[in-house]
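Everything below concerns the one structure shown next.
Here, each number is a calculation from the coordinates, and none is a lab measurement. Being a predicted model, the structure only gives us computed values, none of them experimental. Here the Cβ positions follow ideal geometry from the backbone for every residue, glycine too, while neighbour counts run over all protein chains shown.
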Amino acid sequence: MPEGHTIHRLASDYAARFSGTAPRVTSPQGKFSDAADLLDKSVLTATEAHGKHLFLRFRDTDWVHIHLGLFGKVTFGDAPAPPPTDTVRLRLADDTSYVDLRGPTACALITPDEKRAIHDRLGPDPLRDDADPDAVYRRVSRSRTTIAALLMDQKVIAGVGNVYRAEVLFRHGIDPYRAGKDVTPAEWRAIWADLVELMREGVRNNRIDTVRPEHMPEAMGRPPRVDDHGGEVYVYRRANLPCHICGGEIRTAGLAARNLFWCPACQRA
DNA sequence: AGCTCATGGCGAG
DNA sequence: TCGCCCTGAGCTG
């Protein structure tokens, strides 16, 4: 699940359930026990997301840094909390709610300096008000690296993952192997605006939908699609299936240890 | 029971 | 570029 929209949604959901309360903090799995003891029954005062990084603040300056990685999952529920399974890294629980974190790449108590360092090594996030798309373009437009790789580089732009990358390149008719320097200013402005819109909708719906209504399979006279990752998409994990627009075959290839998906007919070099 | 794969990212070589 | 870390679902037997 975890691209940037998921993390922003989690920041908001953690806040909605626990902001201003002093929950029990535990680490049934044990790997976060020492920090959990320090934080137990202290007030959750803020939550924040930057790209795929989630931050929970307890008291004044006690920040918990969470990164879900590829496998991390968060589940919310109403009290009473069930007995935790042995993979729960972090549980918050109060009289009304509980939330379990499993399988994160990172879950650590950090200092404000360490938090600043994390922000400093992340690029602008389309879901944050402080993001500057021109700063991203300055970097993209000077690079011989492919636009597909640049979009996944969190130092360049934070929060885009494998699904948004594939989908936004399709929506703008851009071949994933095109070099960053060959993306025009107009194309970049359109890509950025689209990411802001798509990812905001992703936060609202808690899933990734990218297919315009007029291209939905039903509207195109094709059978409705049942998709195992949730959202309605043009190319992501649709290798060898017909393109929603031109009917040609969607292709897949490896790029930097991830699977890339695109329509060679619709996306121009 | 064991294998593969997944919306991520790090460090070693 | 590879191996590795984290978990769980969906296969295959």
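A few notes on this one:
- Region A:133-262: relative contact order in percent, alpha carbon pairs under 8 Å with at least 6 residues between: 22
- Only one residue of A:Ala179, A:Gly4, A:Asn162 has its Cα farthest out toward the positive end of the dipole of chain A, where Lys and Arg carry +1 and Asp and Glu -1 on Cβ, and that residue is A:Ala179.
- MRE, 222 nm, helices only [DSSP H, n ≥ 4, -39500 (n - 2.57), over chain A, to nearest 500]: -8500 deg cm²/dmol
- Net charge, A:Leu169 excluded, C-beta distance under 14 Å - Lys, Arg +1, Asp, Glu -1: +2
- Measuring nothing but how far apart in sequence close Cα pairs (under 8 Å, 6+ apart) lie, relative to its length, chain A scores a relative contact order of 16 percent.
- Within straight-line cross-link reach of A:Lys115, lysines at Cα separation under 21 Å, skipping those fewer than 8 residues along the same chain: A:Lys31, A:Lys52, A:Lys155
- Taking the Cα centre of region A:4-120 as origin and assigning +1 to Lys and Arg Cβ atoms and -1 to Asp and Glu Cβ atoms, the resulting dipole is close to 280 debye.
- Dipole-positive endmost among A:Ile245, A:Thr146, A:Pro213 within region A:133-262 (Cβ charges, Cα centre): A:Thr146
- Residue among A:Cys107, A:Leu127, A:Tyr234 farthest towards the positive dipole end of chain A, charges placed on Cβ: A:Tyr234
- Fluctuation leader among A:Asp60, A:Asp94, A:Asp194 - chain A, Gaussian network, Cα springs under 10 angstrom: A:Asp60
- Net dipole in debye of chain A [+1 Lys, Arg Cβ; -1 Asp, Glu Cβ; about Cα centre; nearest 20]: 780
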